[in-house]
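Some notes on the structure that comes next.
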Amino acid sequence: RWILNSLIVAGVTTVSNVLFTGMAGYAFAKMKFPGRNWLFWMLLCTMMVPYQVIQVPLYILVVNVLKMSDTYSALILPGIAGVYNIFLVKQFMSSIPTEIIEAAKIDGCSQGRLYFQIIAPISKTVLSVVAIFTFMDYWNSFFWPLLVTQSEKMETIQVGLTNFRFANTTYFSPMMAGALIAALPMFILFFSLQKYFLQGVTVGAIKG
């Protein structure tokens, strides 16, 4: 059940980040609207705020105000779109020639069709990097699931492993076995998509 919970949380946040940060990055890179630069820089400023600082107000909002304690919504909603992913996609899409977009618009292509049929396939490299990094981040997440889960059936694998440690003893054998199982998806993900990790180091850094 812990592995299933981790798969659901990591899978849903990965899909939502690829979808929403991809569209947001395209909007900031290629669409002109009032306050675009101001809004983008405001988002970048939020990256300077340490993650631990927002945990208390976020916990109060999710648990006390929205009453979503011990649910998948509490685990997923705070990570539905990451600012760093928006920045990464925006930097990549800024290098896409504007002539391609203008030609598509002349042919009568709508914004939705333009993004999903032209921009998204061109940007599959950066979107793959976003998917990999997001899945790894939320698969290995520990602190936030620990805060918002109260029952064992809603715990993720990282939080569930702590159930093998008690005040007087620690069951090392099942804990190590669980840690190995928890690490296997990361090994598989890394070695099967290694080229995208290497591309992610320089994505958006080189234009032309």
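The values are calculated or read from the model by the stated rules, or taken from the named source; none is laboratory data. All values derive from a computational prediction rather than experimental measurement. Heads up, the Cβs are rebuilt from the backbone with ideal geometry, glycines too, and the neighbour counts pull from every protein chain shown. Heavy atoms of the whole protein, side chains included, go into the accessibility calculation; ligands, DNA and RNA do not. Shrake-Rupley method; radii C 1.70, N 1.55, O 1.52, S 1.80 Å.
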State all residues of region 38-67 that are in contact (Cβ under 8 Å) with a residue 12 or more places away in the chain and either closer than 22 Å to GLY22 by Cβ or outside any helix (DSSP H, G or I) (or both); if no residue qualifies, say none.
-> PHE40, LEU43, LEU44, THR46, MET47
So which residues in region 125-144 are more than 24 Å from ILE181 (Cβ to Cβ) and surrounded by fewer than 20 Cβ atoms within 10 Å (Cβ to Cβ)?
-> THR125, SER128
Of the residues in region 145-197 that are at pLDDT 85 or above and open to solvent by 100 Å² or more (accessible area, probe 1.4 Å), the one that is farthest from LEU4 (Cα to Cα) is MET176
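Does region 80-89 include one or more residues that are β-branched (Val, Ile, Thr), exposed (fewer than 14 other Cβ atoms within 10 Å of the Cβ) and in a helix (DSSP H, G or I)? Before you say what the answer is, go through the steps one by one.
Narrowing region 80-89 to residues β-branched (Val, Ile, Thr): 80, 83, 86, 89.
Within this subset, residues satisfying the condition of being exposed (fewer than 14 other Cβ atoms within 10 Å of the Cβ) are none.
Within region 80-89, none of the residues are β-branched (Val, Ile, Thr), exposed (fewer than 14 other Cβ atoms within 10 Å of the Cβ) and in a helix (DSSP H, G or I).
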Region 7-40, subset among the aromatic types (Phe, Trp, Tyr) and open to solvent by 30 Å² or more (accessible area, probe 1.4 Å), residue modelled with the lowest pLDDT | PHE33
Matching residues in region 46-74 - criterion: being more than 19 Å from the chain's Cα centre (by Cα) and open to solvent by less than 70 Å² (accessible area, probe 1.4 Å) | VAL63, MET68, SER69, ASP70
Do the conditions hold for SER6, that is, is it within 30 Å of PRO185 (Cα to Cα) and not in a helix (DSSP H, G or I)?
-> no
Of LEU4, LEU77, LEU43, the only residue that is within 16 Å of the chain's Cα centre (by Cα), farther than 30 Å from GLU102 by Cα and either modelled with pLDDT under 95 or open to solvent by 40 Å² or more (accessible area, probe 1.4 Å) (or both) is LEU77
Counting only helices (runs of 4 or more DSSP H) wholly inside region 109-198, the ones holding at least 2 residues that are under 28 Å from LEU58 (Cβ atoms) are 124-139, 143-148, 157-160, 172-192
